[in-house]
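Read-outs throughout are calculated quantities, based only on the coordinates presented, and are distinct from any laboratory measurement. On a predicted model such as this, the values are computed, not experimentally measured, just so you know. Ideal geometry is used to build each Cβ from the backbone, glycine not excepted, and the neighbour counts take in all protein chains shown.
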Amino acid sequence: MIKVKNLVKKIEVDSKEKTILNGIDLSIEKGEKVVVIGPSGAGKSTFLRCINLLEDFSEGDIVFNGKSILEFKKSILRQKIGMIFQHFNLFSHMTVKKNITFAPVKLKIRSKKEANLQAKKLLESVKLENKAGLFPSRLSGGEKQRVAIVRALAMNPEVLLVDEPTSALDPKTAEEIADVLKSLANDITVIAVTHDMNFAKNLATRLVFMESGKILEDGKIEEVFENPANERIRSFFQK
Ligand SMILES: Nc1ncnc2c1ncn2[C@@H]1O[C@H](COP(=O)(O)OP(=O)(O)O)[C@@H](O)[C@H]1O
Ligand SMILES: [Mg+2]
């Protein structure tokens, strides 16, 4: 469903060219849960952001359901490929409910009434039904991330891109977020960047290791963890 073909991203820093993504090839089937790990600066966030065109790329292509993402209208692409960020990125001037209903109503995916009903159900699914009228500043980190997750799900995405969703959270809350994502994103394709080994083990069917803008390893998560040759990869997880 997603085919990344020789993806290259170069930028100019102080009038020197810098390669951030250096030829990424990756094929992802519908429903896979792919966890991407690797050192800071490897290009993981940039890679995720290219997939829903938050960033452009220099060479190669990303094909989504048989069509280059460059042929999609950005708003349509981002409806199908949602994103969850490390720092939640909720709209601070909107209530929790409005955060969830705003985009589906604006893009005319749902009527206001339908969107409200959906928001209620989604908030119940993450046990936040009593927070619908609050502004994000009144929520804990874990609550904010649960809202961010259901806000993304309100668009009925086919793919969710998730960038270090638990790194701003304490371990217990991080585990809850992993559980929420796992249970709600059941039939959705997920590509998640994380340093959190529990999160990865809980969610992933497949593990990809990136360094210097390239994929160095790509395998089933059990294989990566069982194979002692992958000590280097394991060491990237914070205990
Ligand atoms: N807009 C930008 N301007 C300059 N450098 C950037 C920009 N975006 C990313 N980079 C650089 O690209 C590299 C990859 O960044 P990033 O994708 O954030 O890596 P990761 O998420 O793996 O830590 C880093 O060296 C970062 O400093
Ligand atoms: Mg990053």
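Among the GluC sites (Glu not before Pro) in segment 15-87, which ones are in a DSSP loop with at most 13 other Cβ atoms within 10 Å of the Cβ? Mind listing them? Before the final figure, lay out each step's value.
Details: sites: GLU17, GLU29, GLU32, GLU55, GLU59, GLU71; in loops: GLU29, GLU32, GLU55.
Here the sparse-neighbourhood loop sites are GLU29.
Percent antiparallel among DSSP beta bridges with both residues in the chain, to the nearest 5?
55 percent
Within segment 1-39, which residues have the backbone N less than 15 Å from the label spot 7 Å out from ASP56 along Cα→beta-carbon, could you tell me?
Answer for segment 1-39: 8-12.
With charges set only on the Cβ (+1 for Lys and Arg, -1 for Asp and Glu), what does the dipole of segment 110-239 come to about its Cα centre, in debye to the nearest 20?
Dipole of segment 110-239, to the nearest 20 debye: 720 debye.
Report the one residue of MET210, VAL13, MET155 whose Cα lies farthest in the direction of the positive end of the charge dipole of the chain (charges on C-beta: Lys and Arg +1, Asp and Glu -1; origin at the Cα centre).
Of the candidates, MET155 comes out farthest on the positive side.
Would you mind working out the magnitude of the charge dipole of segment 1-58 relative to its Cα centre, with +1 at each Lys and Arg C-beta and -1 at each Asp and Glu C-beta, to the nearest 20 Debye?
120 debye
How about segment 103-209: which trypsin sites (Lys or Arg not before Pro) there lie in a loop by DSSP and see at most 14 other Cβ atoms within 10 Å?
Values: sites: LYS106, LYS108, ARG110, LYS112, LYS113, LYS120, LYS121, LYS127, LYS131, ARG138, LYS144, ARG146, ARG151, LYS172, LYS182, LYS201, ARG206; in loops: LYS108, ARG110, LYS127.
Here the trypsin sites (Lys or Arg not before Pro) that fit, given the DSSP loop and packing criteria, are LYS108, LYS127.
Counting DSSP beta bridges with both partners in segment 122-239, what percentage is antiparallel, nearest 5?
50 percent
Determine the alpha carbon to alpha carbon distance for each of LYS67/LYS97; LYS33/LYS67; LYS74/LYS172; LYS144/LYS172; LYS16/LYS73 and list only those over 24 Å.
LYS67/LYS97; LYS74/LYS172; LYS16/LYS73
Give the long-range amide H neighbours of ILE20: residues separated by 5 or more places, or on another chain, with amide H under 5 Å away, using H modelled in the peptide plane at 1.01 Å from N.
For ILE20, whose amide H was placed from the backbone, the distant partners under 5 Å are LYS9, LYS10, ILE11.
If you plug each phi of segment 73-81 into the Karplus form 6.51 cos²θ - 1.76 cosθ + 1.60 with θ = phi - 60°, what whole-Hz ³J(HN,Hα) values come out, in order, with x for Gly and Pro?
5, 4, 5, 6, 4, 6, 6, 7, 10
Using the 10 angstrom Cβ neighbour count as an exposure proxy, how do HIS195, HIS93 rank, fewest first?
Ascending Cβ contact count within 10 Å gives the list HIS93, HIS195.
For VAL36, what residues show an amide H to amide H distance below 5 Å, using hydrogens built from the backbone and excluding near sequence neighbours?
HN-HN under 5 Å from VAL36: ALA192, VAL193, THR194, VAL208.
Stokes-Einstein D for segment 114-239 at 4 °C, 1.567 mPa s, Kirkwood Rh over Cα pairs, in µm²/s?
82 µm²/s
Over every pair of different alpha-carbon atoms in the chain, take the mean of 1/r and invert it; report that Kirkwood radius in Å.
That comes to 18.5 Å for the chain.
For segment 45-176, with only Lys/Arg (+1) and Asp/Glu (-1) charged at the beta-carbon, what is the dipole magnitude about the Cα centre, in debye rounded to 20? Intermediate values should be presented prior to the final figure.
Details: 22 positive and 15 negative charges, 200 e Å.
Charge dipole, segment 45-176, about its Cα centre: 960 debye, nearest 20.
Under the definition of Cα pairs under 8 Å and six or more residues apart, what whole-number percent is the relative contact order of the chain?
27 percent
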